[in-house]
Each structure stands twice: as C-alpha cells, then as structure tokens.
1. Can you confirm whether A:Leu30 is surrounded by fewer than 18 Cβ atoms within 10 Å (Cβ to Cβ) and within 11 Å of chain B (Cβ to nearest Cβ)?
2. Run B:Tyr88 past the list (1) within 11 Å of chain A (Cβ to nearest Cβ); (2) crowded, with 16+ Cβ neighbours inside 10 Å and report the number of the one that doesn't hold.
3. Can you tell me which of (1) at pLDDT 95 or above; (2) over 14 Å from the mean Cα position of the chain (by Cα); (3) within 24 Å of B:Phe46 (Cβ to Cβ) is the one A:Ser98 doesn't meet?
4. Considering only the range A:12-51, state which residues are of a type in the set (S, T, N, Q), part of a loop (DSSP other than H, G, I, E, B) and under 18 Å from B:Gln38 (Cβ atoms).
5. If you check A:Glu75, A:Glu54, A:Glu62, which single one turns out to be in a strand (DSSP E or B), away from every other protein chain (no Cβ under 11 Å) and open to solvent by 10 Å² or more (accessible area, probe 1.4 Å)?
6. Can you confirm whether the range A:17-26 contains a residue that is in contact (Cβ under 8 Å) with a residue 24 or more places away in the chain and either at the interface with chain B (Cβ under 8 Å from one of its Cβ atoms) or of a type in the set (Ser, Thr, Tyr) (or both)?
7. Which one of these does A:Ile47 not meet: (1) farther than 30 Å from B:Thr110 by Cα; (2) surrounded by 19 or more Cβ atoms within 10 Å (Cβ to Cβ)?
Amino acid sequence: DSGVTQTPKHLITATGQRVTLRCSPRSGDLSVYWYQQSLDQGLQFLIQYYNGEERAKGNILERFSAQQFPDLHSELNLSSLELGDSALYFCASSLRPSNYGYTFGSGTRLTVV
Amino acid sequence: GESVGLHLPTLSVQEGDNSIINCAYSNSASDYFIWYKQESGKGPQFIIDIRSNMDKRQGQRVTVLLNKTVKHLSLQIAATQPGDSAVYFCAENNEVTGANSKLTFGKGITLSVRP
C-alpha cells in the first residue's frame, strides 16, 4: 500500500456520461497530481494541485476538471465521455512540489462503452 | 518539444543476469530524473532517482547512470530476478518553479525475466 488511495478501482460507463474519480493523498502530502495512462500515450500529466490551488496544467481536455479540497483529497471530473477516454487514471502525491519523486496510487481503470 | 523516450519497447533477460534499461531525454534543462517500476495492476513505484549534479547513484541491486552530455539515462539491475518483471519508466522533472512541478514520463519498456 503506497498510502495514496484512489476510488473506484474500476469504472464502466457509457459515452456522453460524466464520472468523478477520487484520490486521497498520502498522509502529510500537500501536492496532488493526476496522470492518464493509455497504451499508445504512456503516462500523460493532466494537472497538479498544491494545498488546494491549481499549480500546473498538462494536456488536460476542457471536458475534464479537477479540484483539491481543504482536507487535501482531490477529485477528477470527466464529462461528455468518449471512447478514447478509456484509460488508467493515476493520482500521485508528494509533500511539496520539488525535486522529489511522487507516490502513486493504484489507479482507476475507466472503460467507456 | 520536451520528450522522454525509451530506446527499446521490450527487454528479455535470463534470471541472474544483469539488465540495462536505457532512456533518452531531450530537455537539457532537466535537473532531476527518476526510474519507476510498474507491475501489472499497480501504479508506478519509485525505484531510484538522480539529480543532474551527479552521474551515478546506487541503490539495492539498482544503479542509475546519467550522461548529461548525450542526455542519456540508464537503469542497471544486478542479478535480475523474476520479481523484476515489470514495465519500467524513466521520468524527468524540469518545471520545478515555486509551487509547480511536473514529471514527464517516457513510454515505458517491458522487462521480461526468463527462468
């Protein structure tokens, strides 16, 4: 157990729907990162939050949004889902954004049918 | 643009042999590098890291080498074991400014250990 908790582990939904993925960072970590992993794109950085504020954005679609709450957990919202959104979504956390490695959760596997 | 790439998509090694996994990076401003291991059904797991002011760092059975001249990173695994079978990613961190940070990952290489 890495200490980063992601729920749900698996999610199957239809195109056009909206889902919310949840992440609880490792105790004491203030920064949360979201990554998307697909077979042909590898691990793609989506967005980073630090102590409740958005700090960095990657190739995150406008249909996707995220937030980090006062208790530091984070949610990634995916809307108007398309087949191509099927992927593994990972959350990672670190004490602070700096030159240290991230601790990853075990991911949420999203399947859009 | 910035990219991190791995030279080989798969690597098959005999149990007990040493493994070398290579990675090229394109951003000369990157100052921190990490190797991650991802087993099936799990998230990436930190293996070892190295900062740009070093050219070698050793861990338990693993060594990371950094050649900034040619922008090359390698992971050496000594006495490879079946439990080392996984996908390995290199990652670089080059956007640490203030409260921002972003790891850029390579596409990954599968290490398969033959018994």
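The values are calculated or read from the model by the stated rules, or taken from the named source; none is laboratory data. All of these numbers come straight from a predicted model, not from anything done at the bench. Reconstructed Cβ throughout: ideal geometry from the backbone, glycine too, with neighbour counts over all protein chains shown. In case anyone asks, the SASA skips ligands and DNA or RNA and just uses the protein heavy atoms, side chains included. Shrake-Rupley method; radii C 1.70, N 1.55, O 1.52, S 1.80 Å.
1. Values: surrounded by fewer than 18 Cβ atoms within 10 Å (Cβ to Cβ): yes; within 11 Å of chain B (Cβ to nearest Cβ): yes.
In short, yes.
2. Just one mismatch for B:Tyr88, condition (1).
3. Going through the list (1) at pLDDT 95 or above; (2) over 14 Å from the mean Cα position of the chain (by Cα); (3) within 24 Å of B:Phe46 (Cβ to Cβ), A:Ser98 breaks only (1).
4. Hit for the range A:12-51 is A:Gln41, nothing else.
5. Numbers: A:Glu54 fails: away from every other protein chain (no Cβ under 11 Å); A:Glu62 fails: in a strand (DSSP E or B).
Only one candidate qualifies: A:Glu75.
6. Start the filter on the range A:17-26 by keeping residues that are in contact (Cβ under 8 Å) with a residue 24 or more places away in the chain, which leaves A:17-26.
Narrowing further to those that are either at the interface with chain B (Cβ under 8 Å from one of its Cβ atoms) or of a type in the set (Ser, Thr, Tyr) (or both): A:20, A:24.
Yes.
7. (1)
Matching residues to (1) of a type outside the set (D, E, K, R); (2) more than 8 Å from every other protein chain (Cβ to nearest Cβ):
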| site | (1), (2) |
| --- | --- |
| A:Gly58 | yes, no |
| A:Ala66 | yes, yes |
| A:Phe69 | yes, yes |
| A:Leu81 | yes, yes |
| A:Asp85 | no, yes |
| A:Cys91 | yes, yes |
| A:Thr103 | yes, no |
| A:Gly107 | yes, no |
| A:Val112 | yes, yes |
